[in-house]
1. Would you please name the residue that is modelled with the lowest pLDDT, looking only at residues in region 98-113 that are over 16 Å from the mean Cα position of the chain (by Cα) and surrounded by 15 or more Cβ atoms within 10 Å (Cβ to Cβ)?
2. Looking at (1) crowded, with 20+ Cβ neighbours inside 10 Å; (2) in a loop (DSSP other than H, G, I, E, B), can you tell me which one LEU6 breaks?
3. Test of understanding: among ALA176, ALA181, ALA207, ALA170, which residue is without any contact (Cβ under 8 Å) to a residue 12 or more places away in the chain and either part of a loop (DSSP other than H, G, I, E, B) or more than 13 Å from GLY8 (Cβ to Cβ) (or both)?
4. Determine, yes or no, whether LYS14 is modelled with pLDDT of 95 or more, over 15 Å from the mean Cα position of the chain (by Cα), of a type in the set (D, E, K, R) and surrounded by 20 or more Cβ atoms within 10 Å (Cβ to Cβ).
5. Could you tell me which residue of region 173-188 is surrounded by the most Cβ atoms within 10 Å (Cβ to Cβ), considering only residues that are of a type outside the set (Lys, Arg) and within 15 Å of the chain's Cα centre (by Cα)?
6. Given the criteria polar (S, T, N, Q) and touching a strand residue (DSSP E or B) at 6+ places or on another chain (Cβ under 9 Å), does THR7 qualify?
7. Does any residue of region 49-64 turn out to be in a strand (DSSP E or B) and under 21 Å from GLN164 (Cα atoms)?
8. For region 102-117, does any single residue satisfy the condition of being without any contact (Cβ under 8 Å) to a residue 60 or more places away in the chain and farther than 30 Å from GLN43 by Cα?
Amino acid sequence: MLKVGLTGGIASGKSVVGEMFVTLGAHLVQADRIAHELMLPGQPVYNEVVRHFGGGILNPDLSINRGKLAEAAFGSASSTANSGQIAAAATIPERIQELNRIVHPAVIRSQNEWMDEMGRQNPEGVAMVEAALILEAGAAKSFDRLIVLTCSDEQRVARFAKRQKLSLEAARKEVARRMAAQLPEEEKIKAADFVIDNSGSLERTRAQVEQVWQRLRADAACL
């Protein structure tokens, strides 16, 4: 089983590209979905998050309001936006580090268990984890190959605005806020085995995905 990490900055197209790989035959799990399940009421991660960030992040049914949690961890969008520029901060704010220390180890453990299970089911297959913070979480060593997606800042903002139904100005501030908790794209590219430029059409992206898939299948066959 070849273990592959699929990562990239916010709104770089990870979910779309992940589905392209699934269509070709990859097994895929999303780290964000794992984190969501780990933060359901009654889970140890839920208890720790509420203990650190307080009851103000909860909905009336006691589930975690992810928007309120993001606000508590990242701060207001206006405080991290800088003249509309999208850039990673030199250091990750302490509150985000607190959240990461709670969530990341549990997510990594869960996704590793999933990859091991996929390996038992399909030893010659490709198990892919889609996650925004593979490098930031120190999880790169869990993978045999790392794919990084790239796109332009303006495309990132436009995609995020469309997805979240925000104005471009509001989306630019929110993207800047979230990118401040991630490594610069240049650093991610340095760590990548494959880079997919998702700046063009879906057809152009799909052609790159198919090329990478052929390499992944060949690598999986050699294990």
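The values are calculated or read from the model by the stated rules, or taken from the named source; none is laboratory data. Predicted, not measured: the structure shown is a model, and the values here were computed from it. In this analysis, Cβ positions are derived from the backbone assuming ideal geometry, glycine residues included, and neighbour counts consider all displayed protein chains.
1. In this case the residue turns out to be GLU98.
2. For LEU6, the exception is condition (2).
3. Values: ALA176 fails: without any contact (Cβ under 8 Å) to a residue 12 or more places away in the chain; ALA181 fails: without any contact (Cβ under 8 Å) to a residue 12 or more places away in the chain; ALA170 fails: without any contact (Cβ under 8 Å) to a residue 12 or more places away in the chain.
Of the residues listed, the single one that is without any contact (Cβ under 8 Å) to a residue 12 or more places away in the chain and either part of a loop (DSSP other than H, G, I, E, B) or more than 13 Å from GLY8 (Cβ to Cβ) (or both) is ALA207.
4. On the way: modelled with pLDDT of 95 or more: yes; over 15 Å from the mean Cα position of the chain (by Cα): no; of a type in the set (D, E, K, R): yes; surrounded by 20 or more Cβ atoms within 10 Å (Cβ to Cβ): yes.
No, not satisfied.
5. Of everything passing the filter in region 173-188, VAL175 is surrounded by the most Cβ atoms within 10 Å (Cβ to Cβ).
6. On the way: polar (S, T, N, Q): yes; touching a strand residue (DSSP E or B) at 6+ places or on another chain (Cβ under 9 Å): yes.
For THR7, the condition - polar (S, T, N, Q) and touching a strand residue (DSSP E or B) at 6+ places or on another chain (Cβ under 9 Å) - is met.
7. Let us first name the residues in region 49-64 that are in a strand (DSSP E or B), namely 58, 64.
Imposing the further condition that a residue be under 21 Å from GLN164 (Cα atoms) reduces the set to 58, 64.
The answer is yes; a qualifying residue exists.
8. There is no residue in region 102-117 that is without any contact (Cβ under 8 Å) to a residue 60 or more places away in the chain and farther than 30 Å from GLN43 by Cα.
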